[in-house]
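Inspection log for the structure reproduced underneath, given as structure tokens.
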Amino acid sequence: MNPHSISKPLSALKAGPLKGRVRVPGDKSISHRALIFGALATGTTRIRGLLEAEDVINTARAVQALGAVAGKHRDIWEVRGRGVGGLRAPEGPLDFGNSGTGTRLMMGVVAGHPFTVTMTGDASLSRRPMRRVLAPLLEMGLEILEPGKETLPLTLKGTHELMPIVYRLPVPSAQVKSAVLIAGLHAAGKTTVIEREATRDHTERMLRHFGATVATEAKGEETHITVDGDAELSGKDILVPGDPSSAAFLAAAALIVPGSDITIEGVLTNPTRTGLYLTLQEMGGDVTFENSRDEGGEPVADIRVRASRLKGVRVPAERAPSMIDEYPVLASIAAFAEGETRMDGLAELKVKESDRLQATAAGLAVNGAKVQVEGDSLIVTGASGLKGGGLVATHLDHRIAMSFLTAGLASEASIVVDDSTMIATSFPEFRPLMEQLGAHYREDGR
Ligand code: S3P
């Protein structure tokens with residue numbers, strides 16, 4: 001996000017029934033990976049449906065600064081890569097804006113190159129923990145030029161002599177898993193990441209598609225993911241499915257606005273990403289996957305959602321990795337359900353673009369909901385509606401903004417978010433798509 005941009009408060013107004021068929025833009029996780037693997041491949045990668053949001057554009061700029069050619073021709077993004085370990089030193093710092101994914105995945109790339117790179121980001125990103133990625137990469141041979149520093153800006157030096165490692169993830173993070181696997185492509189030998197809880201597996205799927213050898217093996221409670229080093233990737237065609245984390249706002253809105261009936265076409269339904277949809281069904285939401293199919297190695301479906309009477313449920317901690325970005329919107333609509341919705345195992349929510357546990361609870365409280373934070377759990381007690389009328393502090397967090405701009409469509413009084421500019425980091429089409437379905441928003445100067 002442009003650090004000099006002026007914040008734009010926005011109000012969500014009470015909406016009539018939401019209706020229609022829409023498509024959401026491409027999945028953010030897959031878009032970052034397509035650009036990065038395209039840059040590490042030889043030959044040309046053609047990407048259809050790339051998400052053109054600020055986070056992903058910053059990754060495109062980073063791979064360009066490292067010598068890959070990336071640009072859009074007609075509707076297709078093309079990346080001409082330089083091969084694994086073949087990127088060149090950038091002339092200046094790489095600015096990742098608001099994006100933890102871009103930063104952490106690119107740290108895995110930088111680790112495998114024998115030059116110095118400075119990585120920077122906005123105020124939110126500069127507060128986020130990087131130690132979780134740096135720790136395994138330092139073991140492999142990466143250097144931090146100011147040892148002990150663990151937040152951006154960071155100046156890092158990689159090497160062509162990376163050591164393969166076996167790394168047990170201390171936190172369930174696809175970003176950490178991916179950074180280690182990406183570094184592992186450059187190492188001499190096999191690098192293994194061990195995970196206890198399954199996290200999104202787009203890196204594994206896409207690396208195989210690009211020709212890397214990636215083995216996934218279940219061992220008791222754990223999964224061992226092993227990538228062969230000295231890898232050679234070759235340019236491929238990629239089709240990016242619709243982002244289920246963006247579709248989540250539309251689906252949630254349709255559930256709470258009476259009379260709604262919408263279909264969101266071509267949404268990614270990879271089981272490592274669909275925890276929210278399962279939870280909405282358990283709450284009594286009329287959510288169905290239609291026309292399920294495979295597109296470019298990922299499962300997709302059209303998701304139909306009709307307004308429903310919701311009831312509170314307990315969302316188990318084990319489900320958190322498959323819906324980690326969706327808790328703010330789930331919590332915001334849990335206020336419309338009857339009874340208590342208890343969401344457990346939310347420690348990771350505290351280190352996202354904001355402390356989402358606190359930001360979500362505060363946004364709900366200021367709008368009259370009954371909400372409690374108990375350790376790593378969030379408990380919302382619904383009263384078949386939300387009063388609204390409150391001003392939500394978004395803390396530079398796109399998903400906090402969009403969650404309350406969703407809840408506000410059905411609250412008694414309108415809900416205002418203090419800023420909406422950062423929505424462009426992940427879902428620039430949020431407002432026009434919601435409006436296409438029948439929602440109304442108003443710029444709000446208060
Ligand atoms: C992502 C992984 C998740 C998620 C983020 C995207 C990815 O982060 O919150 O929006 O693309 O790998 P963590 O890996 O830190 O949980």
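List the relative contact order of the stretch 296-443 as a percent without decimals, with contacts defined as Cα pairs under 8 Å and 6+ residues apart.
Result for the stretch 296-443 is 20 percent.
For the chain, give the magnitude of the charge dipole about the Cα centre (Cβ charges: +1 Lys/Arg, -1 Asp/Glu; no others), in debye to the nearest 20.
So the magnitude is around 380 debye.
What full-extension length gain, to one decimal in nm, is calculated for Arg314 and Leu391 as 0.36 nm per residue of separation minus the Cα-Cα distance?
Between Arg314 and Leu391, full extension yields 24.9 nm more.
In Å and whole numbers, how far do the C-alpha atoms of the chain stretch along each principal axis, longest first?
For the chain, the Cα extents along the three principal axes come out at 60, 48, 44 Å.
How large is Rg/Rh for the stretch 250-369, to two decimals, with Cα atoms and a Kirkwood Rh?
0.97
State the antiparallel share, in %, of DSSP beta bridges confined to the stretch 28-239, rounding to the nearest 5.
Around 75 percent of the beta bridges assigned by DSSP in the stretch 28-239 are antiparallel ones.
On average, how much accessible surface per residue is there in the stretch 28-239, in Å², for a 1.4 Å probe, leaving out ligands, DNA and RNA?
The answer is 38 Å² per residue.
If you take every DSSP beta bridge whose two residues both sit in the chain, what share of them, in percent to the nearest 5, is antiparallel?
Bridges in the chain are about 75 percent antiparallel.
Could you give the alpha-carbon Rg of the stretch 233-289 over 2.2 N^0.38 Å, rounded to two decimals?
Normalised by 2.2 N^0.38 Å, the Cα Rg of the stretch 233-289 equals 1.35.
Run the dipole for the stretch 28-239 about the Cα centre, Lys and Arg Cβ at +1, Asp and Glu Cβ at -1, nothing else charged, and hand back the magnitude in debye, nearest 20.
Dipole size: approximately 300 debye.
I need to check one value: relative contact order of the chain, counting alpha carbon pairs closer than 8 Å and at least 6 residues apart, in percent.
20
Given Cα positions, please report Rg to Rh for the stretch 150-298, the hydrodynamic radius being the Kirkwood one.
A ratio of 1.05.
Leaving out same-chain residues fewer than 8 places away, which lysines sit with a Cα under 25 Å from that of Lys177?
Lys28, Lys149, Lys157, Lys190, Lys219, Lys236, Lys350, Lys352
According to a simple spin-label model (label point 7 Å from Cα along Cα-to-Cβ), what is the distance in nm between Ile144 and Leu278?
3.5
So between Glu232 and Met163, what do we pick up on full extension, going 0.36 nm a residue minus the alpha carbon distance?
Working it through step by step, the gained length comes to 23.1 nm.
Average projected area of the Cα convex hull of the stretch 326-446, in nm²?
6.8
Per-residue HN-Hα couplings for the stretch 8-17, Karplus 6.51 cos²θ - 1.76 cosθ + 1.60 at θ = phi - 60°, whole Hz, x for Gly and Pro?
10, x, 9, 10, 9, 9, 4, 10, x, x
If one computes the Cα centroid of the stretch 67-84 and of the stretch 220-240, what distance in Å separates the two points?
Using only Cα atoms, the two centres lie 20 Å from each other.
Name the residue from Ser245, Gly312, Asn291 whose Cα lies farthest towards the positive end of the charge dipole of the stretch 240-351, charges +1 on Cβ of Lys and Arg and -1 on Cβ of Asp and Glu.
Sorting the options by dipole projection puts first Gly312.
When ranked by the protection proxy of mean other Cβ atoms within 10 Å per residue, highest first, what sequence do the peptides 327-340, 273-286 form?
Ranked from most to least packed, the peptides come out as 327-340, 273-286.
Along the principal axes of its C-alpha atoms, what lengths does the stretch 28-239 span, in descending order and rounded to whole Å?
Extents along the principal axes: 48, 36, 29 Å.
Quick one: Cα centre-to-centre distance for the stretch 121-160 and the stretch 33-62, in angstrom?
If you average the Cα positions of each part, the centres end up 22 Å apart.
Which value at 222 nm does the chain reach when only helices count, each DSSP H run of 4 or more adding -39,500 (n - 2.57), with the total divided by all residues and rounded to the nearest 500 deg cm²/dmol?
Helix-only estimate at 222 nm: -8500 deg cm²/dmol.
Pick out, from Pro147, Ile303, Ser99, the residue whose Cα sits farthest towards the positive end of the charge dipole of the chain, with +1 on the Cβ of Lys and Arg and -1 on the Cβ of Asp and Glu.
Among Pro147, Ile303, Ser99, the one farthest towards the positive end of the dipole of the chain is Ile303.
Sorted by average packing, counted as other Cβ atoms within 10 angstrom per residue and highest first, what order do 345-351, 101-107, 217-223 take?
The packing order, highest mean first, is 101-107, 345-351, 217-223.
The values are calculated or read from the model by the stated rules, or taken from the named source; none is laboratory data. Note that the structure is predicted; figures quoted are calculated from it, not measured. When we count neighbours, we look across all protein chains shown, and the Cβ atoms used for this are built from the backbone with ideal geometry, even at glycine. Just so you know, the surface numbers come from the protein's heavy atoms only, side chains and all, with ligands and any DNA or RNA stripped out. Shrake-Rupley method; radii C 1.70, N 1.55, O 1.52, S 1.80 Å.
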